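One structure is given here, and the rest of the page talks about it.
The values are calculated or read from the model by the stated rules, or taken from the named source; none is laboratory data. Only a predicted model underlies this, so the values are computations on that prediction, with no experimental measurement involved. FYI the Cβ positions are ideal-geometry reconstructions off the backbone, even for glycines, and counts take in every protein chain you see. Each accessible area value is taken on the protein alone, full model and side chains, heavy atoms only, with ligands, DNA and RNA left out. Shrake-Rupley method; radii C 1.70, N 1.55, O 1.52, S 1.80 Å.
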Amino acid sequence: MAEPWRDRARRAVEWNWRLRSVGDPRPHYVICGKDALAYYVARAMLESELPTGGARVTVVVPERYRSNGPDVAGLRGVRVVRSDRLDVATFEAAGLAGATGLALLHQDDVGNLYAALCAQAVDQRVRQVLRMFNGTLADGVRKLLKAPVEVLSDAEMAAPAFVAAALNEVDPSSFQHRDKTLRVARRADVRPQDVVCALAHLSEAQGVELLPADQAGADLVLAEATGQPPGTEVAARRLVRARRRRRPVTVVMGAVRGFATRKIGIAVMVVLALIAVLGALISRAEDVSPLEALYLTLVTTLSGADPDTTKTADAQIMQVVLNLAGLALIPLITAVVVDGIVNARLALHTGRLQPARVGHVVVIGLGNVGTRVMAQLREYDVEVVAIDKDPEPRGAALARQLEVPLIVGDAALPETLAAASVADCQALVVASTDDVANLEAALAARDLRADLRVVLRLFDGDFAERVEETFALGVSRSVSYLAAPAFIGALTERAVISTIPVDRHALPVAEVPVAPGSELDGRPLDMVNRDGQVRLIARTPAGGAKTIWWKDLDPRQVIFAGDRLTVVARRRGLDWLTRQCAPPAHPGPVVRPAGPVHGGVHAPAAAPPPVPGQTGSGVGAPHPVPPAGDAPSTTNGGQPDEFELTRRHDGVGEVS
């Protein structure tokens, strides 16, 4: 039977066989992934206002899949290609040849490597961004591929935020740029002369204010590292020094309770109680001392006594009962020993035979993120206990190397949490890949201890925010939300130096080159700073001159073509700066501000011409956003093609 015309039309639209525009000047990006990271990267590329008028995005997803978070295939304005295998045929169908960038975002290192090799066979010049956990394999990929490639680990970028939340400290992330090392710190922990710029103002009433205008009142700052340890390391050292002594009696009793099963223990206790009672009766009947009575009882019980018909009837009955108790006691002792050995082996294998701990951190889920969190906590000399359902998770080998106990079991069960001493731990980090399981484990842990600090991993950033507000579970984090800016910067060839997590936001630190004839070419430096969006921290003059850092920056200095501006920005602010530094669409004479220029400082005699897209010459002038009802652009200037997929907003909040 022939395929219905409606199904054929649907498949044609989905694969975009007839919708591929000819001569479209917009850059084309191919994104392969199915989870929240692919969603955030694809959405950011759709919403980015590049100098050429936006971007075309093709997403490659499996035929059938289940997404824990937002669905990348549900984004409006993307072309969807469904394929279970990332091979040459799939990339040809996705139009990879001639594309600007390719993002391989599956959680499969080997699969991403194979896909990168297939993509190289289609187009060797396309820029590739790979998601990988194995650092050794990532180094090999950089050397193996001939195409320009960037290998990133979302777990490595997000782990510091989880560690900081677990220790109730600021994110210990630091990075090196040019000749300086910068780190995130609280303003009270650094000297005023070391503060580079204000990152955020934290308040319960207004929430988080990023890159505030009030530099002096910000709680979180970016500072120059001067040899002092970060706040998280200091907190870890205080934790080790203040750790209470373990209670040996509790440890011994716990080991005894776990040595044998409950039924065998009850039987042994009953037999011993019977022997004790009979021993007391013998002591009274024979009229001997307690030590002699103990001797007679043990000898009669363990070896049996010689029959003596001259004894009274009561003594003979007690002697027979003691012999019977001795016959029952020996098999019970054997059973206890055998059962204890078996239970000990099983407990050691599953990690349940653990001494009681105090002040440690429990990590649930030794996947990509959990393994990184465990490793960083051990670097700070913080005691860690791990829990995972899988006896051999990804981080099992590293856990054994770091001597971290691994408890195999369901983290939602009270006995599993009790084996990890969750009631006495400092914090609980729930970092498995299942949102439902993470939420169940967090709620079960809160039942054991109401004031427990819980750091919860959730894939959907909006869901994480709502859970934190509704359930008051502590701190919720989305790994994809934190790592997306770095992947976006690598895909668009922006020199993203680092990504600074702040609460549930992420601030990329990037170096943007100034192109000749761009909007900022010939303008003063004060045109770069935008409150809440962009903060300039360094400028590297053209020609490889020495970098001028924040201490020596003069807002009147003129920006020249070839300069490289280092900024801390939000995503939209970085998009704006990229457009301002990009070459003009129609090359023409470079317009420079009137007035004399002395030593790279612009004289304020003449005001610079207005920057397109700004309502005034002030720094805080907002960049206009086109209304949602604008007609879609076409490549030939005529009426838009009725089949053209246009870029629209999907109603989800901004990824900052």
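Listed values, structure above:
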read-out: The stretch 305-333, subset over 14 Å from LEU274 (Cα atoms) and open to solvent by 80 Å² or more (accessible area, probe 1.4 Å), residue modelled with the lowest pLDDT; value: THR309
read-out: Lone unmet requirement of (1) in a loop (DSSP other than H, G, I, E, B); (2) without any contact (Cβ under 8 Å) to a residue 12 or more places away in the chain for ARG466; value: (1)
read-out: One residue from VAL408, VAL384 being among the hydrophobic types (A, V, I, L, M, F, W, C) and closer than 23 Å to ALA165 by Cα; value: VAL384
read-out: Condition check for LEU274: open to solvent by 50 Å² or more (accessible area, probe 1.4 Å), touching a helix residue (DSSP H, G or I) at 6+ places or on another chain (Cβ under 6 Å) and at pLDDT 75 or above; value: yes
read-out: Matching residues in the stretch 520-544 - criterion: being more than 13 Å from GLN580 (Cα to Cα), over 29 Å from the mean Cα position of the chain (by Cα), open to solvent by less than 20 Å² (accessible area, probe 1.4 Å) and of a type in the set (A, V, I, L, M); value: none
read-out: Scope the stretch 189-213; condition open to solvent by 30 Å² or more (accessible area, probe 1.4 Å) and modelled with pLDDT of 85 or more; matching residues; value: ARG191, PRO192, GLN193, HIS201, GLU209, ALA213
read-out: Some residue of the stretch 512-519 being farther than 28 Å from LEU152 by Cα, open to solvent by less than 20 Å² (accessible area, probe 1.4 Å), in contact with a Gly (Cβ under 8 Å, 6 or more places away or on another chain) and of a type in the set (A, V, I, L, M, F, W, C); value: no
read-out: Given (1) farther than 30 Å from ARG43 by Cα; (2) surrounded by 15 or more Cβ atoms within 10 Å (Cβ to Cβ); (3) not β-branched (Val, Ile, Thr), number of the condition ALA397 does not satisfy; value: (2)
read-out: Matching residues, the stretch 556-567, being more than 15 Å from GLY522 (Cβ to Cβ) and open to solvent by 20 Å² or more (accessible area, probe 1.4 Å); value: ARG564
read-out: Any hit, the stretch 181-188, residues being free of Cβ contacts under 8 Å to residues at least 60 places away in the same chain and loosely packed, with under 15 Cβ neighbours inside 10 Å; value: yes
read-out: Test: ASP171 is buried (at least 19 other Cβ atoms within 10 Å of the Cβ), modelled with pLDDT of 85 or more and among the acidic types (Asp, Glu); value: no
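To keep it simple, each residue is scored yes or no on (1) under 20 Å from the mean Cα position of the chain (by Cα); (2) β-branched (Val, Ile, Thr); (3) surrounded by fewer than 17 Cβ atoms within 10 Å (Cβ to Cβ).
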| site | (1), (2), (3) |
| --- | --- |
| VAL382 | yes, yes, no |
| GLY409 | no, no, no |
| ALA427 | yes, no, no |
| ALA441 | yes, no, no |
| ARG446 | no, no, no |
| LEU456 | yes, no, no |
